[in-house]
Amino acid sequence: MVSVMEFLRVSKEGLAIKDSSEVEKFITDDFQMTTPRVSLNRQEFLDWVASGGSPTVPSDFEVIYENDDIAAVYHSVQSHNALGTQAMCVGNKRDGKFSVWRGASAR
């Protein structure tokens, strides 16, 4: 089973080095990421990671809840236009991988 902290660590590292090869091991073939600003399918997400993503930097992750089916995470977000913003993400898991990742700003 994939842990949310491992997924976040690998995703953050992939963004930093512009390489999504490790990230793809953590997501299903029909993966979807949805935030208030974007909706990405699996390939779009992998391409986004490989491009280095956006200038947004998540940090201070706190796992609120996690089991074999779902994970909820609260974290800080730093960017040029969102200093100190708080966000919550929820990921659905299927067959040991993330199938859906939803994020929302909490401010």
message: Give me the base-10 log of I(q)/I(0) for the chain at each q in 0.22 Å⁻¹, Debye formula, one uniform scatterer per Cα, rounded to two decimals.
response: -1.34
- prompt: Once Lys and Arg get +1 and Asp and Glu get -1 on their Cβ, which of V63, T85, A16 lies farthest toward the positive end of the dipole of the chain?
  reply: T85
task: Run the quick spin-label model on N92 and T28: label points 7 Å from Cα toward the beta carbon, then report their separation in nm to one decimal.
output: 0.7
message: Give me R94, R42 sorted ascending by neighbouring Cβ count inside 10 Å, so fewest comes first.
response: R94, R42
task: Using Cα positions and a limit of under 16 Å, work out the aspartates and glutamates in reach of K18, with same-chain residues fewer than 8 apart set aside.
output: E44, D47
- line: Percent relative contact order for the chain, counting Cα pairs under 8 Å at least six residues apart, stands at 26
Estimated distance in nm for a label pair at N41 and F61, the labels positioned 7 Å out from Cα along Cα-to-Cβ: 2.7
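Coordinate-derived values only; no laboratory data. Every value quoted in this text rests on a predicted model; they were computed, and no experiment measured them. Glycine also receives a Cβ, built like all others from the backbone with ideal geometry; neighbour counts cover every protein chain displayed.
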